[in-house]
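Encoded as structure tokens, the structure appears first; notes follow it.
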Amino acid sequence: MKRFPQEHGAAALIRNASSFRPRLAVMLGSGFAQAATRMAIDATLPYDRIPGFPRTQVQGHRGNLHIGRLGGTPILILSGRSHFYEGHSMEEITFPIRVLACYGITDLLLTNAAGGINRNFRAGDFMSICDHINFMGVNPLRSNIAETPPQFLDLSAVYDSRLRKLLKTAASRGRVLLREGIYLAVSGPTYETPAEIVAFRRLGADAVGMSTVPEAIVARACNIRVAGLSCISNLAAGMTRNPISHDEVLDIASLNQARACALLEQFAKLYGRGPRALRTTKTVAAMKTKTDVDGSGTAAIVPT
């Protein structure tokens, strides 16, 4: 896709901050910020020191770029993101992804807090994203299509199968319940109505949120492999009698910080092992895990 001088300048600034050259990046959404504390940090850059990076304004998004090691693996972590509902343009909120591509990142894990639509989900579950539905009303590649063919990006497999397998193995090793499902993105900032949730469920969505999809699309346009991980921080509108609030989202996410950190650390460790990490079928089977398929056909790894 198109490149701009500001992206290269920002990437150069990040390169100069550390001699590390990670290939893996993780964007920490709500409920995942503590993962940065597990890092052996070599360098930190606040977003406001990186040209073009929009400032984060939502509670739970710290706005720092870290370079170091997690689980022994070189990694770049974006702690916090900006959102479309904050008034930023799609170009602004996906600018960090284009910078990552210029920097040399090849693999990206996007994390978020999401509302559970699937009736089998519970607050505190984790969900590996296998596909998405874009209900944000805009595409981040509009007026910014690739300069060379193909100009129309294929999204048949946005979420990389190898990275999803690594997530599944990491969850099994950490004995963390990991479901799999479809993430639906809306623009926000309002939460959804009960009628909308019923409609989204009929469309096949398992969880709903206000982020991730723009970054995933732009990452694929930049030839970055993508994985997505949601913390189910609440059940969606109409599924309980309780009103939904951002405080509730942060409270549930906070209660699950330890498991989120363990999952991301295991994922980074496995990533650092390369192809060997996928040759663990017998090891995983020996841990006496079983597969639970819920009513929508989505699978979860459930430790016994």
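In segment 82-118, which residue that is in contact (Cβ under 8 Å) with a residue 40 or more places away in the chain, among the hydroxyl-bearing types (S, T, Y) and more than 19 Å from A36 (Cβ to Cβ) is most open to solvent (accessible area, probe 1.4 Å)? Filtering first and then ranking leaves Y85. Residue-level check: of (1) open to solvent by 50 Å² or more (accessible area, probe 1.4 Å); (2) outside any loop (DSSP other than H, G, I, E, B), N139 misses just (2).
Scanning segment 187-219 for residues that are open to solvent by less than 20 Å² (accessible area, probe 1.4 Å) and out of contact with any helix residue (DSSP H, G or I) (no Cβ under 7 Å at 6 or more places or on another chain) yields I197, F200, A205, D206, A207, G209, S211, T212, V213, A216, I217. Out of the residues in segment 49-60 that are open to solvent by less than 60 Å² (accessible area, probe 1.4 Å) and within 14 Å of A33 (Cβ to Cβ), state the one that is modelled with the highest pLDDT. Looking at residues that are open to solvent by less than 60 Å² (accessible area, probe 1.4 Å) and within 14 Å of A33 (Cβ to Cβ), I get T56.
Just one of the listed residues (R225, R179) is open to solvent by 60 Å² or more (accessible area, probe 1.4 Å) and among the basic types (K, R), and it is R225.
Looking at the structure I just gave you, is G63 on the phi > 0 side of the Ramachandran plot, more than 18 Å from the chain's Cα centre (by Cα) and surrounded by fewer than 22 Cβ atoms within 10 Å (Cβ to Cβ)? Working first, answer last.
On the way: on the phi > 0 side of the Ramachandran plot: yes; more than 18 Å from the chain's Cα centre (by Cα): no; surrounded by fewer than 22 Cβ atoms within 10 Å (Cβ to Cβ): yes.
Answer is no for this residue.
The single condition among (1) touching a Leu at 6+ places or on another chain (Cβ under 9 Å); (2) open to solvent by less than 60 Å² (accessible area, probe 1.4 Å); (3) more than 26 Å from F267 (Cα to Cα) that G29 does not meet is (3).
The values are calculated or read from the model by the stated rules, or taken from the named source; none is laboratory data. All figures in this text were calculated on a predicted structure; none of them were measured in a lab. When we count neighbours, we look across all protein chains shown, and the Cβ atoms used for this are built from the backbone with ideal geometry, even at glycine. Quick note on the areas: whole protein, heavy atoms, side chains included, nothing else; ligands and nucleic acids left out. Shrake-Rupley method; radii C 1.70, N 1.55, O 1.52, S 1.80 Å.
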